[in-house]
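So the structure is just underneath, and the comments pick up after that.
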Amino acid sequence: MCLLLGVRGVGKTLLLKQLQAVLSGEQVNQKETPPTIPTVGTNLVTLKFGKKTCTVRELGGCMAPIWNSYFKGVTHLIFMIDLAHRQQVAASCIELLNSLSSNDLQEVRVLILFNKIDIEVPVGMTFTEISSILRLDDIMSTSPQTVDVLHCSAIRGDGLSEVVQWLETHASHN
Ligand SMILES: Nc1nc2c(ncn2[C@@H]2O[C@H](COP(=O)(O)OP(=O)(O)O)[C@@H](O)[C@H]2O)c(=O)[nH]1
Ligand SMILES: [Mg+2]
């Protein structure tokens, strides 16, 4: 089971819809982006990679205080961060560090996924800027988990093939 976490509005639900579209061979269409509504509770999606599958569970951002009740049995974690929302970075950072320090997640493979690369500076942050605000190097060197980092635009589709690749390589099974 792969868990998809991130504070509210970072793009988790849209990412799952777009991954399903990519994997079923549909074109990601920027103008007809599927609408999302804030996720209440959890959103469970099964992604198919040929004969292999991967189950991803999104937990709503407003559930952060009880995210840890879903950590048992999790093998992979995608933590999403919104590059267009500076005021939210501190909150994201706290939730990320909390999750990484949980006993149940010490062995999981982690993907930190920066979303909304389509929103340009100065509203959006560059990868270099967010990395230094988050102290990403410290997080990567001190956390016991293997941590990978990717960036994408769930709305435009940039970077989604790398996310698909990560899920297929690490998180899917027969
Ligand atoms: N510009 C931009 N907007 C995005 C992107 N990904 C998601 N959004 C928008 O962000 C809002 C919240 O998305 P949603 O998937 O519901 O976030 P969640 O709360 O993390 O599930 C929606 O209006 C999305 O259309 C992106 O890559 N770029
Ligand atoms: Mg959602």
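Throughout, read-outs are computed from the coordinates displayed, never taken from laboratory work. Predicted model only: the values in this text are computed from it and were never measured. Don't worry about glycine lacking a Cβ; one is built from the backbone with ideal geometry, like all the others, and counts go over all protein chains shown.
Where in the stretch 139-156 is the amide nitrogen less than 18 Å from a point lying 7 Å along the Cα-to-Cβ axis of residue 132?
Answer for the stretch 139-156: 139-140.
Lys pairs in the stretch 2-171, Cα-Cα under 24 Å, at least 8 apart or on separate chains: how many?
13
Using the alpha carbons of the stretch 2-171, what is the convex hull volume per residue in cubic angstrom, as a whole number?
Per-residue hull volume (Cα only) is 106 Å³.
Find the relative contact order for the chain and round it to a whole percent, using C-alpha pairs within less than 8 Å whose residues are 6+ positions apart.
28
Which GluC sites (Glu not before Pro) from the stretch 112-174 combine a DSSP loop assignment with at most 14 other Cβ atoms within 10 Å?
The qualifying sites are 120.
Output wanted: per-residue J couplings in Hz (rounded whole) for the stretch 56-68, from phi through Karplus 6.51 cos²θ - 1.76 cosθ + 1.60, θ = phi - 60°, x for Gly and Pro.
In residue order, the calculated couplings are 10, 10, 8, 10, x, x, 6, 8, 3, x, 10, 3, 5 Hz.
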